[in-house]
1. Within the stretch 27-46, is there a residue that is under 30 Å from LEU290 (Cα atoms) and outside any loop (DSSP other than H, G, I, E, B)?
2. Within the stretch 59-68, how many residues turn out to be of a type outside the set (Phe, Trp, Tyr) and surrounded by 21 or more Cβ atoms within 10 Å (Cβ to Cβ)?
3. Going through GLU111, GLU58, GLU85, GLU53 one at a time, which residue ends up being at pLDDT below 95 and of a type in the set (Asp, Glu)?
4. Looking at LYS440, LYS412, LYS382 in this structure, which one is in contact (Cβ under 8 Å) with a residue 60 or more places away in the chain, surrounded by fewer than 18 Cβ atoms within 10 Å (Cβ to Cβ) and not acidic (Asp, Glu)?
5. Can you name every residue in the stretch 61-96 that is over 23 Å from HIS227 (Cβ atoms) and not in a loop (DSSP other than H, G, I, E, B)?
6. Give me the strands (runs of 3 or more DSSP E) completely within the stretch 379-440, filtered to those with at least 2 residues that are among the polar types (S, T, N, Q) and over 28 Å from ASP40 (Cβ atoms), ordered by residue number.
7. Out of the residues in the stretch 203-235 that are acidic (Asp, Glu) and closer than 15 Å to LYS254 by Cα, which is surrounded by the fewest Cβ atoms within 10 Å (Cβ to Cβ)?
8. Would you please name the residue that is surrounded by the most Cβ atoms within 10 Å (Cβ to Cβ), looking only at residues in the stretch 125-139 that are polar (S, T, N, Q) and over 13 Å from VAL165 (Cβ atoms)?
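The values are calculated or read from the model by the stated rules, or taken from the named source; none is laboratory data. Just so we're clear, the structure is a prediction, and the values are computed from it rather than from any experiment. Cβ placement follows ideal geometry from the backbone for every residue including glycine, while neighbour counts extend to all protein chains displayed.
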Amino acid sequence: MIPRFKFDKSYLLGVGVTMELILRNARFKDSLELFDIGIDDGKFISIKKNIPEKGDEEIDLGGRFVSPPLVELHVHLDAALTVGEPRYNLGGSLLEGIDIWSERKKILTKEDVKNRVRKALKWELANGVTRVRTHVDICDPTFNALNALIEIKEEFKEYIDIQIVAFPQEGIFSFPDGEELMRKAMEKGADVVGGIPHYEWTREDGVKDVIFAVALGKELGKMIDLHIDETDDDHSRFIEVLAAETIKNNYEGKVTASHTTAMHSYNNAYAFKLLSWIKKANLNMVTNPLDNSVLQARFDAYPKRRGHTRVKEMDEMGINVSIADDSIMDPWYPLGLGDPLQAAFVFVHYGQMSGYNEMMRLIEMITTNPAKAFGATDYGIKVGNTADLVVFDAPRAIDAIRLVARRYLVIKNGKAITQTKPYETNIILNGKKEQINFIK
């Protein structure tokens, strides 16, 4: 268990007793004005330009950018930190990664999974993430990974809200007893119904995969989150089936479609017809720029496709789009550190979202948008809510993205759980030493 973090007393200013904690001089997005944030009994009790009262503890944020906690809506914690085990993905493809994972899965133990997940979750916490949705491979009759994640969920419940997706990595109908394994996984304690229709052996089985997942989710009253159309094949069109099944079952708002990279390759006439059905079904969409920027278009000559979904168009239509990590050093992606901000930085370039307003939207795609898809309540920096927030070591939102800024402070339930001291860089020119930063 992670111990409570005690503040570094060099940051404290006041000694009052009217509030437990006051954060002074906080900046929201790129506001020119600074605000004080008063916290007491784990709740936000005052947010104004100047709180006249004194706090039991006070921290001057010095104009640093503050946001609600980050939400990691799509990650595979059971595979985290397995890169190179039993071998590296030399070709870099999605299918080679699945083959390697199938080999590594044979030697999984519960303690192996728990030890790796603990480390990955601590990285997530240090990056300001307090809600995580993890897909867990249930194509394993021992359920070693699922059992491990259920125990970890309880172990970390004070710090991170975890949702577990029953994820059939090798298919529901292409893996022996896949339907039964899905039901057992949900009975054991998985929170969300998963699926992977594009990996099934046939188009017909892929359609059955979607229909089964939606029906099971509705039967159990659970949310649904499918890996879907994660391919460069423009004939992979299971997202239309998911939208239709969601509408037919009156399950709008409770279904998430992850990846949908094939949408990049659809002809525009079909794509824009499809987007209208996605909006009607109120699907939550997730893009994973770190993995899909390297996994997709492996078979292309030139020009090479980007291989992500149509984020700009969906966002402009009011469809709820989130950005997530997907992998933390596993057979599909050898890098990663559990930081959705890093994924957002990559998407500035990968998705050509370098316009000012577009970058501001990217912050929402790692905070409020995934919080909505997560079903989070009591979320956001406003009076009366639970006092959860993250402070970036940067003065503005755009600087946080540009620098992939470290998280200066992470607050959960009104208490600091991580604190990172700022870097200090000195430069010596013409015999003179000068401390520099990377702020304009």
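1. Yes: one or more hits.
2. Total satisfying the criteria: 6.
3. One residue alone meets the criteria, GLU53.
4. None of the other options fit; the residue is LYS382.
5. PHE65, VAL66, SER67
6. Qualifying strands (runs of 3 or more DSSP E): 425-429.
7. GLU219
8. THR130
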